[in-house]
1. Amide H neighbours of Ser108 under 5 Å, at least 5 residues apart or on other chains, H built in the peptide plane: list them.
2. Mind checking which aspartates and glutamates have their Cα closer than 19 Å to the Cα of Lys5? Skip sequence neighbours fewer than 8 apart in that chain.
3. Along segment 93-99, what does the Karplus equation 6.51 cos²θ - 1.76 cosθ + 1.60 (θ = phi - 60°) give for ³J(HN,Hα), rounded to whole Hz, x for Gly and Pro?
4. Test of understanding: express the Cα radius of gyration of segment 60-114 as a ratio to 2.2 N^0.38 Å, with N the residue count.
5. Computed on alpha carbon atoms, what radius of gyration and Dmax characterise segment 56-197, expressed in Å?
6. Round to a whole number: what % of the accessible area of segment 44-106 belongs to carbon and sulfur, probe 1.4 Å?
7. Leaving out ligands and nucleic acids, and using a 1.4 Å probe, what accessible area per residue does the chain come to in Å²?
8. Mind checking which lysines have their Cα closer than 18 Å to the Cα of Lys77? Skip sequence neighbours fewer than 8 apart in that chain.
Amino acid sequence: MTDDKTLGVYDEKAGDYARLMDHEAIPPTALNKFLSALPERGTVLDLGCGPGSWARYMVKAGFRVDAIDASAGMVRKASAIEGLNVWQADFSDIQAVAKYDGIWANFSLLHARRAEMPAHLARLKTALRSDGRLHLGLKEGTGEARDSLGRFYTYYTVAEIRDLLAQIGLSVSDLRTGADKGLDGTVAAWFTLTAHG
């Protein structure tokens, strides 16, 4: 994700975002289900880790966690988490091959341009082990737009993502839908799913 406006918002509001995430002290059902399907002490990539809230939970649960974010402000926050391997990087910087048991892409890839999504998903599949699992969280809808804070979003339908994942040989399970208030204060529809071979 290389949108300067979006990165600027996250750099400026890293503390606000961390406080927002801290209110969600209980990890989402999707995270618990995702981790329960991975090998004990497995290796996980938190893609777009933000302040590291979910990465912290994964480390405490005994997983080896790599975490990346394109925002320097978010990386500074996440770097304070003991035992977390974190660095600043973009989605297109993922070069690992068969390294991860799981990849947690929770509401991060929604900041990528639609035209870039197939290449991002293909890189993530390459980074996964053959029995690995990819968690995706996206905002539901169509088109591309900026929110009131200036962040860029691409919206997807479940059918559209199913098709993109099928094209790289991944099927979908654990589909969940909902709507929540985000950093900009507006309620938006979302879905999460797990993709695997």
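1. Gly137
2. Asp16, Asp69, Asp90, Glu116, Glu144, Asp147, Asp184
3. Listing the rounded values in order: 7, 5, 10, 5, 10, 6, 9 Hz.
4. With N residues counted in segment 60-114, Rg over 2.2 N^0.38 Å equals 1.18.
5. Looking at segment 56-197, its Cα Rg and Dmax stand at 15.1, 40 Å.
6. On the way: 1180 of 2500 Å².
Exposed carbon and sulfur together represent 47 percent of the surface.
7. 46 Å²
8. Answer for Lys77, where 18 Å is the Cα cut-off: Lys13, Lys60, listed by chain and number.
The values are calculated or read from the model by the stated rules, or taken from the named source; none is laboratory data. Every value quoted in this text rests on a predicted model; they were computed, and no experiment measured them. Here Cβ is always computed from backbone atoms with ideal geometry, including for glycine, and neighbour counts include all displayed protein chains. Ligands, DNA and RNA are stripped out before the accessible areas are found, and what is left, the full protein with its side chains, is counted by its heavy atoms. Shrake-Rupley method; radii C 1.70, N 1.55, O 1.52, S 1.80 Å.
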